[in-house]
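Take a look at the structure below.
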């Protein structure tokens, strides 16, 4: 990207170029994910270097990281330990995803069975073992 030395963008320009809503940029600032923007004439202005950071945030969110985890990752980058933090977060996320896959597969089996249900009532259906049945 070619930008002029010292160039600053308004929040609207950053939103337009990044695809991140201005309200989201303000929120990211409020939770410390982004450093507070400089002010010019009472308005936020950003260095164009914010775009790569917003790209990291978007990619990390797509990978399932929470904003808190992304903040930790960004702080790790500032401290030169981003790779270590990313590896540790990935290890945790892989375990979460594996558990989610297992749960999703169980749901699919249940739904496939439910598709073939011919029970006259739900109380009689074996798919609902926790239904309290009158004795």
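The values are calculated or read from the model by the stated rules, or taken from the named source; none is laboratory data. None of the values given here were measured: they were computed from a predicted structure. Cβ placement follows ideal geometry from the backbone for every residue including glycine, while neighbour counts extend to all protein chains displayed.
So that you can scan it fast, the table gives a plain yes or no per residue for (1) over 23 Å from the mean Cα position of the chain (by Cα); (2) under 30 Å from residue 86 (Cα atoms); (3) touching a residue at least 12 places away in the same chain (Cβ under 8 Å):
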{"site": "12", "(1), (2), (3)": "no, no, no"}
{"site": "21", "(1), (2), (3)": "no, yes, no"}
{"site": "27", "(1), (2), (3)": "no, yes, no"}
{"site": "34", "(1), (2), (3)": "no, yes, yes"}
{"site": "38", "(1), (2), (3)": "yes, yes, yes"}
{"site": "51", "(1), (2), (3)": "no, yes, yes"}
{"site": "56", "(1), (2), (3)": "no, yes, yes"}
{"site": "62", "(1), (2), (3)": "no, yes, no"}
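Would you confirm whether or not segment 94-109 contains a residue that is surrounded by 12 or more Cβ atoms within 10 Å (Cβ to Cβ), within 14 Å of the chain's Cα centre (by Cα) and outside the structural domain of residue 33 (by TED's automatic domain parsing)? Yes, because at least one residue in segment 94-109 is surrounded by 12 or more Cβ atoms within 10 Å (Cβ to Cβ), within 14 Å of the chain's Cα centre (by Cα) and outside the structural domain of residue 33 (by TED's automatic domain parsing).
Screening 85, 75 for residues that are in a helix (DSSP H, G or I), surrounded by 12 or more Cβ atoms within 10 Å (Cβ to Cβ), outside the structural domain of residue 19 (by TED's automatic domain parsing) and modelled with pLDDT under 95 leaves exactly one candidate, 85. Any residue that is under 26 Å from residue 11 (Cα atoms), part of a helix (DSSP H, G or I) and in the same structural domain as residue 21 (by TED's automatic domain parsing) - is there at least one of those in segment 37-51? Within segment 37-51, one or more residues are under 26 Å from residue 11 (Cα atoms), part of a helix (DSSP H, G or I) and in the same structural domain as residue 21 (by TED's automatic domain parsing).
All but one of (1) at pLDDT below 95; (2) on the phi < 0 side of the Ramachandran plot hold for residue 64, so report the exception by its number. With (1) at pLDDT below 95; (2) on the phi < 0 side of the Ramachandran plot applied to residue 64, the lone miss is (2).
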